[in-house]
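Worksheet: one structure, shown below.
The values are calculated or read from the model by the stated rules, or taken from the named source; none is laboratory data. Every value quoted in this text rests on a predicted model; they were computed, and no experiment measured them. Cβ: placed from backbone, ideal geometry, glycine included. Neighbour counts: every protein chain shown.
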Amino acid sequence: MMDASQLAPTDLAQHEYWMQQALELADQAQALGEVPIGALLVKDGVLLASAYNLREVNHQATAHAELLAIEAANQALGAWRLEGCTLYVTLEPCPMCAGALVLSRVDQVVYGASDPKGGCAGSLMNLLEDSRFNHQPQVIRGVLEAQCSDKLKNFFQGLRKRNKLRKEQAKQADGQAD
């Protein structure tokens, strides 16, 4: 695993460019009421696929940005193997997504914010670089970390405020019904 601070300036600039695109996808997810996570797959400097979380909209537990991007890239390439591809994602992949990244043979995974409660690219465990699997993508963490982390923190703070307000309104409505 490599930290973004260890990258050469030209490599960091390239990764920041694509992560900025992933952040824009995260904004699209947030506009739909989804957790703001964006992901995209790039091969040879060309965008193959992009996606954002759609779990709430699709009522589908597996509609994570990474899985949707993998599926779109598979279709774009006409292959299940994504060798030579880099995945950019705003949040560290969960166990499900990390497993899909290993199985799809993605060469490199670049993520922004760490996920101490569910991350499987170094936080809770590192499924991506586990030598027991037959494929280990290179992991680069912390690209535009502050922006990615702030986007998620702000989303969840807003969600908590809205939920608190709804509870207070429901309590007041119950009090008026008496």
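Here's the yes/no breakdown for (1) of a type outside the set (Ser, Thr, Tyr); (2) touching a Pro at 6+ places or on another chain (Cβ under 7 Å):
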residue	(1), (2)
103	yes, no
106	yes, yes
109	yes, yes
113	yes, no
125	yes, no
128	yes, yes
131	no, no
134	yes, no
141	yes, no
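Just one of (1) surrounded by 17 or more Cβ atoms within 10 Å (Cβ to Cβ); (2) out of contact with any Ser or Thr (no Cβ under 7 Å at 6 or more places or on another chain); (3) part of a helix (DSSP H, G or I); (4) modelled with pLDDT of 95 or more fails for residue 148. It is (2). For region 28-143, the helices (runs of 4 or more DSSP H) that sit wholly inside it and include 3 or more residues that are buried (at least 17 other Cβ atoms within 10 Å of the Cβ) are 65-77, 95-103.
Which pairs turn up if I take residues in region 58-79 that are free of Cβ contacts under 8 Å to residues at least 40 places away in the same chain and closer than 17 Å to residue 26 by Cα and look for partners that are of a type in the set (Lys, Arg) and part of a helix (DSSP H, G or I) with beta carbon separation below 9 Å, at least 6 apart in sequence or on another chain? Cβ pairs passing all conditions: 62/55; 63/55; 64/55.
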